[in-house]
1. Identify all residues within region B:63-88 that are under 25 Å from residue A:38 (Cβ atoms), surrounded by fewer than 19 Cβ atoms within 10 Å (Cβ to Cβ) and free of Cβ contacts under 8 Å to residues at least 40 places away in the same chain; write none if there are none.
2. Quick check on my filter: what residues within region A:8-44 are assigned to a loop (DSSP other than H, G, I, E, B) and over 12 Å from residue A:88 (Cα atoms)?
3. Quick one: count up the residues across region A:45-67 that are at the interface with chain B (Cβ under 9 Å from one of its Cβ atoms) and buried (at least 17 other Cβ atoms within 10 Å of the Cβ).
4. So, residue B:60, is that one in a loop (DSSP other than H, G, I, E, B), free of Cβ contacts under 8 Å to residues at least 60 places away in the same chain and closer than 21 Å to residue A:39 by Cα or not?
5. State the number of residues belonging to region B:1-47 that are within 14 Å of chain A (Cβ to nearest Cβ), within 22 Å of residue A:37 (Cβ to Cβ), outside any strand (DSSP E or B) and of a type outside the set (A, V, I, L, M).
6. If only one of A:42, A:37, A:71 is of a type outside the set (Asp, Glu) and either over 28 Å from residue B:5 (Cβ atoms) or more than 11 Å from every other protein chain (Cβ to nearest Cβ) (or both), which one is it?
7. Within region A:49-94, restricting attention to residues that are assigned to a strand (DSSP E or B) and of a type in the set (Ser, Thr, Tyr), which residue is farthest from the chain's Cα centre (by Cα)?
8. Between a residue in region B:1-27 that is without any contact (Cβ under 8 Å) to a residue 40 or more places away in the chain and over 12 Å from residue B:113 (Cα atoms) and any residue that is of a type outside the set (Gly, Ala, Ser) and surrounded by fewer than 14 Cβ atoms within 10 Å (Cβ to Cβ), which pairs come within a Cβ distance under 9 Å, given they are 6 or more apart or on different chains?
Amino acid sequence: GESVGLHLPTLSVQEGDNSIINCAYSNSASDYFIWYKQESGKGPQFIIDIRSNMDKRQGQRVTVLLNKTVKHLSLQIAATQPGDSAVYFCAENNAGNMLTFGGGTRLMVKP
Amino acid sequence: GAVVSQHPSWVICKSGTSVKIECRSLDFQATTMFWYRQFPKQSLMLMATSNEGSKATYEQGVEKDKFLINHASLTLSTLTVTSAHPEDSSFYICSAIGLARSTDTQYFGPGTRLTVL
């Protein structure tokens with residue numbers, strides 16, 4: 001079936017460095033993607049989203065890139081901080097506003 | 001941003017007990033609410049979708065008689081785990097889509113951790 005998946009289960013970066021979290025999706029008909037951050041014991045927190053008519057969108061310290069040709073999504077975090085440590089999920093918005101989540105990537109920021 | 005709350009945040013109960021979890025949208029009216037279950041170190045799995053005033057739509061493999069969902073108002077949905085067993089222990093998370101918000105973006109509650117002894 002259709003799925004959204006991640007390449008790396010754990011990413012360890014040095015504080016101040018930039019982080020890149022990748023996600024592959026398989027449903028070529030998907031037109032809306034969202035990145036969520038989930039801290040331990042908490043619900044997912046919306047970070048940034050992008051529609052399929054765009055290939056890049058920037059927020060505060062975060063950038064999402066969408067490559068529809070290879071069905072790849074990435075989240076870039078600039079100047080990573082200890083507070084960025086969490087599990088990051090990409091999600092694909094299917095018909096009827098249903099979300100399909102990727103497996104998650106744990107980001108660990110070393111001081 | 002949109003605020004979604006859940007109550008309780010953590011519940012421990014004996015096997016056979018029924019547990020009700022509430023999900024509220026605090027600053028917007030939620031036309032659709034979703035219930036997810038998340039096991040440790042795993043991703044979120046959609047259990048059901050509920051629209052205000054109508055029956056919930058359950059995902060394949062989710063027992064509707066065991067996980068009762070009620071969406072009686074535009075700000076409240078409840079999930080009742082009936083006759084809970086230890087295998088029902090999980091992190092239950094709700095999300096909502098609102099009338100005055102982006103019709104695509106789901107805003108998540110903080111989650112409810114259920115432990116069944």
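Bear in mind that the values in this text are calculations on the coordinates, not laboratory data. These numbers come from a predicted model, not from an experiment. Glycine gets a Cβ as well: all are built from the backbone with ideal geometry, and neighbour counts include every protein chain shown.
1. B:87 - this is the single residue of region B:63-88 that is under 25 Å from residue A:38 (Cβ atoms), surrounded by fewer than 19 Cβ atoms within 10 Å (Cβ to Cβ) and free of Cβ contacts under 8 Å to residues at least 40 places away in the same chain.
2. A:15, A:16, A:17, A:18, A:26, A:27, A:28, A:29, A:30, A:31, A:41, A:42
3. 2
4. no
5. 8
6. Going through A:42, A:37, A:71 in turn, just one is of a type outside the set (Asp, Glu) and either over 28 Å from residue B:5 (Cβ atoms) or more than 11 Å from every other protein chain (Cβ to nearest Cβ) (or both): A:71.
7. Step by step, filter region A:49-94, then rank; the result is A:63.
8. B:27/B:3
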